[in-house]
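This report refers to the structure that appears directly beneath it.
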Amino acid sequence: MKRITLLFLVCLGSVGTYSQTFNSTTGVIPDNSCTSAHEFPFTVSGVGVLGTTNIFDQIVIDVTMTYDGDLDISLVAPNGTVVALAIGQGGTGDNFTNTVFRANAPVSIEDGVAPFTGIYLPEGNLSNLNGINADGTWLLRICDTGLNDIGTLNSASLTFVPTPTCLPPSFVFSNMITSNSANFVWNTVSGSVNYEYVLDNDPVIPVGAGTYTTATNYSASLLTPETNYYFHVRTNCGSEFSSWATTTFTTPPQNDDCASAKNISALPYNLSQYALGATNNAGVISTCGTGMNDGVWYTFAVGTPGNINVALTGVNDWDPEIAVYSGSCGSFTCVGSVDAGLVGDDETLNLPALTSGQYWVNVGNKNDLANGLEGAFTIDITGTVSLTAHESEITNLSYYPNPVKDMLNLSNTQSISNVVIYNLLGQQSLTKAVNANQSQVDMSHLPKGTYMVKISTENEVQTVKVLKN
């Protein structure tokens, strides 16, 4: 079915234009159907070659389903081009309720939670549809990879809109993300005078002007760890502005890797974390048998032997595993691990006989094959052991720039004894004796990447994460 809706677009004035929406057939999604996926057709006419008069705007689906993770959903264009919308997303959650897929959505479907109500980036690239003739039969291809749960497609619609005269930036993405900084890049838009950007914590499109730039990149600093950010950018074509393009990211925790583990100096210990931005630095860690993700880290030094209890509560929408190691970063020995629950379940690990020495706790996604997302949780560590001093924050330490290209500047009110730089595998990359309040460390010869810089004074030791460009 075809429906034409009158829109009013505001670009330095109001201009009348038409969007065109086409509905698919609906029906049952057969159980265990991936040997021959079920296809729901749309009949499209009057649109033409995409990127000339009209462009693809969005596809909206509404699906009733138990255990969304069984569904593979794709869009197939008349020429056979396939765009993956959601492949195995949602885990044990139910339904796709008014789920909108757009090329300029601020959030990926991979970061969403069932029933996925709202606007998402699909897994595939909708820009692959540019240049094809939209007239003909489109297919919504859905297959159910599991048994015992039959789904239903309640509705699906495709919408095309006129090609704008001022195009928004494309391929907007964030990279080099640390707990307090991030970099953004986008493609040059033909006919642009400059660009405007806004960095905030709001997925809603900005109202009013942003910050002007003629560059196609921006580096942000002074960000807050464990925080969701949205970067919006639009094109200024001189006489009009484009729509906003948005990308989103979550800054990782400061204890995102072993070398920057949070030091626990006394028990009981309690901390709530939002670890969605944690990165899988070392990949899957299989030291304790079944693998788990490199998640967020804690460390403590046992003086008097005794027991330790590590408990995770407040877990939501992810499946955690706890592992405790002895040894050192990059050279672990398994002390114990637990993954007794499912998605959203709490976990508890009890270790009854810890001897003296240094220990590391990894809280990560239980996925033993690929990178899995962490989320919110509260960690409580209790026990009868007595802890000894390990690392602490150096009160007046300053280090900059971060990211660094050549020279890393260090300063402190007390004399800095030495500096040791490690890569994320725990391998020593550089060492320097300082014995001064200020120093420059030459990192120009190191490959690009993330490094842990261990800074020692007479009485204190601190490890900081530095990004090398």
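The values are calculated or read from the model by the stated rules, or taken from the named source; none is laboratory data. None of these values were measured; they are calculated from a predicted model. Positions of Cβ are generated from backbone atoms using ideal geometry, with glycine treated the same way; all protein chains shown enter the neighbour counts.
If you go through the stretch 325-384 and keep only what is aliphatic (A, V, I, L, M) and assigned to a loop (DSSP other than H, G, I, E, B), you end up with 340, 342, 343, 369, 370, 373.
Residue count for the stretch 300-326, restricted to those that are out of contact with any Phe, Trp or Tyr (no Cβ under 9 Å at 6 or more places or on another chain) and either hydroxyl-bearing (Ser, Thr, Tyr) or outside the structural domain of residue 274 (by TED's automatic domain parsing) (or both): 1. A count restricted to the stretch 164-197 and to residues that are under 30 Å from residue 141 (Cβ atoms), in a loop (DSSP other than H, G, I, E, B) and under 29 Å from the mean Cα position of the chain (by Cα) stands at 6. If only residues of the stretch 411-432 that are of a type in the set (Val, Ile, Thr) and surrounded by fewer than 19 Cβ atoms within 10 Å (Cβ to Cβ) are counted, the one that is nearest to the chain's Cα centre (by Cα) is 420.
Within the stretch 221-237, residues that are basic (Lys, Arg) have Cβ atoms under 6 Å from residues that are surrounded by 16 or more Cβ atoms within 10 Å (Cβ to Cβ) in these pairs: 234/168; 234/196; 234/241; 234/242; 234/244, counting only partners at least 6 apart in sequence or on another chain. Within the stretch 116-163, work out how many residues are in a strand (DSSP E or B), closer than 24 Å to residue 90 by Cβ and not charged (D, E, K, R). Total satisfying the criteria: 18. Every listed requirement among (1) in contact (Cβ under 8 Å) with a residue 24 or more places away in the chain; (2) closer than 26 Å to residue 400 by Cβ is met by residue 189 save one, (2).
Kindly indicate whether any position in the stretch 148-156 is closer than 30 Å to residue 238 by Cα and either β-branched (Val, Ile, Thr) or surrounded by 15 or more Cβ atoms within 10 Å (Cβ to Cβ) (or both). The answer is no; no qualifying residue exists. Looking across the stretch 60-69, the residues that are assigned to a strand (DSSP E or B), out of contact with any Gly (no Cβ under 7 Å at 6 or more places or on another chain) and surrounded by fewer than 20 Cβ atoms within 10 Å (Cβ to Cβ) come down to 60, 62.
Name the single residue that is nearest to the chain's Cα centre (by Cα) among those in the stretch 108-135 being at pLDDT below 95 and acidic (Asp, Glu). My answer is 111. Of all residues in the stretch 214-226, those satisfying the criterion of being surrounded by fewer than 16 Cβ atoms within 10 Å (Cβ to Cβ) and more than 20 Å from residue 193 (Cα to Cα) are 219, 221, 222, 224. Is it true that residue 211 is over 24 Å from residue 295 (Cα atoms), hydroxyl-bearing (Ser, Thr, Tyr), surrounded by 18 or more Cβ atoms within 10 Å (Cβ to Cβ) and touching a strand residue (DSSP E or B) at 6+ places or on another chain (Cβ under 8 Å)? No. The single condition from (1) of a type in the set (A, V, I, L, M); (2) assigned to a loop (DSSP other than H, G, I, E, B); (3) in contact with a Phe, Trp or Tyr (Cβ under 8 Å, 6 or more places away or on another chain) that residue 278 fails is (3).
Conditions (1) more than 35 Å from the chain's Cα centre (by Cα); (2) at pLDDT 95 or above; (3) not assigned by TED's automatic domain parsing to the domain that holds residue 242, marked per residue:
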{"position": "7", "(1), (2), (3)": "no, no, yes"}
{"position": "18", "(1), (2), (3)": "yes, no, yes"}
{"position": "21", "(1), (2), (3)": "no, yes, yes"}
{"position": "31", "(1), (2), (3)": "no, no, yes"}
{"position": "35", "(1), (2), (3)": "no, no, yes"}
{"position": "52", "(1), (2), (3)": "no, no, yes"}
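The set of residues from the stretch 68-84 being under 12 Å from residue 139 (Cβ atoms) and either modelled with pLDDT under 95 or in contact with a Phe, Trp or Tyr (Cβ under 9 Å, 6 or more places away or on another chain) (or both) comprises 73, 75, 76, 77, 78, 83. Of all residues in the stretch 303-351, those satisfying the criterion of being of a type in the set (Val, Ile, Thr), under 23 Å from the mean Cα position of the chain (by Cα) and surrounded by 16 or more Cβ atoms within 10 Å (Cβ to Cβ) are 315, 322, 343.
Looking across the stretch 304-322, the residues that are farther than 16 Å from residue 372 by Cα and either assigned to a strand (DSSP E or B) or at pLDDT 90 or above (or both) come down to 304, 306, 307, 308, 309, 310, 311, 312, 313, 314.
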